[in-house]
Amino acid sequence: MGFIILTARILVAISMLVLTLYAVRHYWFAFTRLRMRRPKDTMELVGFVMPTVTVLVPMHNEEKVAADILQALVENDYDQSKLHIIPINDRSDDGTAKIIDEFAARHSIIKPFHRTGGQGGKPAALVEVTRGIQSDILLMFDADYVPGKGMLKMLVAPFADPEIGAVMGRVVPYNVGDSLLSGLLSLERAAGYQSAQQSRYNLGFTAQFGGTVGGVRRTALEAVGGWNPQSLTEDTDLTFAMLLNGWRTAYLNRAECYEEVPQTWSVRRRQLMRWVMGHTACLHDYWPDIVNAKFLTVREKVECFFLLGMYWTAPWLVIGWIASLVLFFTIEAHYVPILAIAMTLLGYQLFSNQSNFVEIGSALLLDGNKRRVLLMPLNLLNFFANIGATCHALLQFYSTRLFGGNGASWYKTHRTRAAGSGSGGSFGLNSPKEKEVED
């Protein structure tokens, strides 16, 4: 019994330590963002010659959204003499190919790429397509995104800095009012981009590249060996491959691009599990190089591990709960100063559990989304659902590594938008077009 009590106490202590460190990080980012002055606007650069650009849009059975993004891209204000758009039809068996070919017939800047074989998934498609591209900059969008007219110029401008190897824009859900889940995910996206990404970048950490609305310098991509076709999260993989080779990733909060977030828990669960397993694989692949990187400061290395290890907070939270229950139902464990322990646990719960809400609240305050704050109490539903999906994904990831198996496969998020509806559908509580954004 003594061994059980000691083990439970150790596990509770480790759980509290891990979660407290992440809580401090959330508070740091939230308050840093609230007191931050307006970030430098790279669009104000003078004398920067706009480079040649190729826009890549991977598509697999995207007939519901293909026309919207292609129409948005051909209406952009970038110099079309320096622009190519390559919609990648990755073995679609719906009407995606037809939509792409119809746009290509009307617009010479669209160069379709139809894949009929090879390894499945977005990373493999990007590897195959980028082999013959000679443009200076490669921009990427997911098929459900709707980039604004000036988006390409915004994403290209930071490449005037020769140290920048990649650029990431902000992701904003447009289907906020379509379901409770999509509304809750809008809170998550706001905190992740408006607060965390902007704070990390302004504090001197490299931003996390996302292949949904971003770009890479072609020479930097070639220097790190290109995309990793085996990765489930090729964007996170590229972030650290570039960082460890001396390239930085810039974040542009003003470069907002609208996406369709999952509206059902089953779709969200599968999406999150892919992210967790891909992210954790990057942790295992890159931690030795991060430790040994001579040009990264200790501060930068610590933040790299915080970023790559963030999904481990879910199992440690569950472990802490279980260990606490063991201590609660073990009589011998109660022979302690009850008041002191109760006050300690109460203070910890208030400090740690409120950190995510503070980060969400700061992001919504900056966005001017007053009505959407009303969803914050319901975010506990998303919180518990995320914990379950994350623990399941980690269990599957490590069981595959230990005992073998096929592991995870690429999963394309299910689309619910009506074909050709564009970005004019239901935005719900304060749509991105109605909000006042503070940069």
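The values are calculated or read from the model by the stated rules, or taken from the named source; none is laboratory data. Bear in mind that the values here come from a model prediction, so they are computed numbers and not experimental data. Because the Cβ atoms are built from the backbone with ideal geometry, glycine has one as well, and the counts that use them run over all protein chains shown.
Taking the criterion of being acidic (D, E) and closer than 24 Å to E259 by Cβ, the residues of the stretch 116-173 that qualify are D142, D144. Residues that are of a type in the set (F, W, Y) and touching a Pro at 6+ places or on another chain (Cβ under 8 Å) within the stretch 226-258 comprise W227, Y258, listed in sequence order. One residue is enough: does the stretch 194-203 have a residue meeting the conditions assigned to a loop (DSSP other than H, G, I, E, B) and in contact with a helix residue (DSSP H, G or I) (Cβ under 8 Å, 6 or more places away or on another chain)? Scanning the stretch 194-203, I find at least one residue that is assigned to a loop (DSSP other than H, G, I, E, B) and in contact with a helix residue (DSSP H, G or I) (Cβ under 8 Å, 6 or more places away or on another chain), so the answer is yes.
Yes or no, residue by residue, for (1) closer than 30 Å to D79 by Cβ; (2) of a type outside the set (D, E); (3) under 14 Å from the mean Cα position of the chain (by Cα):
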site	(1), (2), (3)
V146	yes, yes, no
V156	yes, yes, no
D161	yes, no, no
G177	no, yes, no
A190	no, yes, yes
Q194	no, yes, yes
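For the stretch 120-133, what are the residues that are over 14 Å from F209 (Cβ atoms) and touching an Asp or Glu at 6+ places or on another chain (Cβ under 6 Å)? Matches in the stretch 120-133: A125 only. Among the residues of the stretch 100-133, those that are part of a loop (DSSP other than H, G, I, E, B), over 24 Å from P51 (Cβ atoms) and in contact (Cβ under 8 Å) with a residue 24 or more places away in the chain comprise T116, G117, Q119, G120, G121. In the stretch 300-324, the residues that are assigned to a helix (DSSP H, G or I) form Cβ pairs under 7 Å with partners that are among the charged types (D, E, K, R), at six or more places apart or across chains, as follows: F306/R25. Scanning the stretch 362-400 for residues that are without any contact (Cβ under 8 Å) to a residue 60 or more places away in the chain and either crowded, with 19+ Cβ neighbours inside 10 Å or more than 21 Å from the chain's Cα centre (by Cα) (or both) yields a total of 8.
With V276, V261 as the choices, which residue is under 30 Å from E62 (Cβ atoms), of a type in the set (A, V, I, L, M) and part of a loop (DSSP other than H, G, I, E, B)? Show your work before the answer.
Values: V276 fails: part of a loop (DSSP other than H, G, I, E, B).
Matching residue, one of V276, V261: V261.
Within the stretch 95-125, the only residue that satisfies the criterion of being surrounded by 15 or more Cβ atoms within 10 Å (Cβ to Cβ) and polar (S, T, N, Q) is T96.
Kindly evaluate D136 against the criterion of being out of contact with any Gly (no Cβ under 8 Å at 6 or more places or on another chain), touching a residue at least 60 places away in the same chain (Cβ under 8 Å) and under 21 Å from V213 (Cβ atoms). The answer is yes for D136.
Residues are listed down the side, and each one gets a yes or a no for (1) on the phi < 0 side of the Ramachandran plot; (2) surrounded by fewer than 17 Cβ atoms within 10 Å (Cβ to Cβ); (3) not in a helix (DSSP H, G or I):
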site: V55; (1), (2), (3): yes, no, yes
site: N61; (1), (2), (3): no, no, yes
site: D68; (1), (2), (3): yes, no, no
site: N89; (1), (2), (3): yes, no, yes
site: D93; (1), (2), (3): yes, yes, yes
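All told, E222 meets the bar of being surrounded by fewer than 24 Cβ atoms within 10 Å (Cβ to Cβ), more than 20 Å from A143 (Cα to Cα) and among the acidic types (D, E). Taking first residues from the stretch 273-288 that are over 16 Å from C391 (Cα atoms) and partners that are of a type in the set (S, T, N, Q) and surrounded by 20 or more Cβ atoms within 10 Å (Cβ to Cβ), the Cβ contacts under 8 Å between residues at least 6 apart in sequence or on separate chains come to C282/S231; C282/T233; C282/T236.
Within the stretch 155-193, the set of residues being among the hydrophobic types (A, V, I, L, M, F, W, C), surrounded by 23 or more Cβ atoms within 10 Å (Cβ to Cβ) and in a strand (DSSP E or B) comprises A166, V167, M168, V172. Tally time: how many residues in the stretch 78-115 are within 18 Å of S135 (Cα to Cα) and either in contact with a Lys or Arg (Cβ under 7 Å, 6 or more places away or on another chain) or not basic (K, R) (or both)? Of the residues in that region, 15 qualify. In the stretch 402-411, of all residues being at pLDDT 55 or above and in contact with a helix residue (DSSP H, G or I) (Cβ under 8 Å, 6 or more places away or on another chain), the one that is surrounded by the most Cβ atoms within 10 Å (Cβ to Cβ) corresponds to A408.
If the requirement is being hydrophobic (A, V, I, L, M, F, W, C), surrounded by 13 or more Cβ atoms within 10 Å (Cβ to Cβ) and at pLDDT below 85, which of these qualifies: F357, F329? Let's see the steps before the verdict.
On the way: F329 fails: surrounded by 13 or more Cβ atoms within 10 Å (Cβ to Cβ).
None of the other options fit; the residue is F357.
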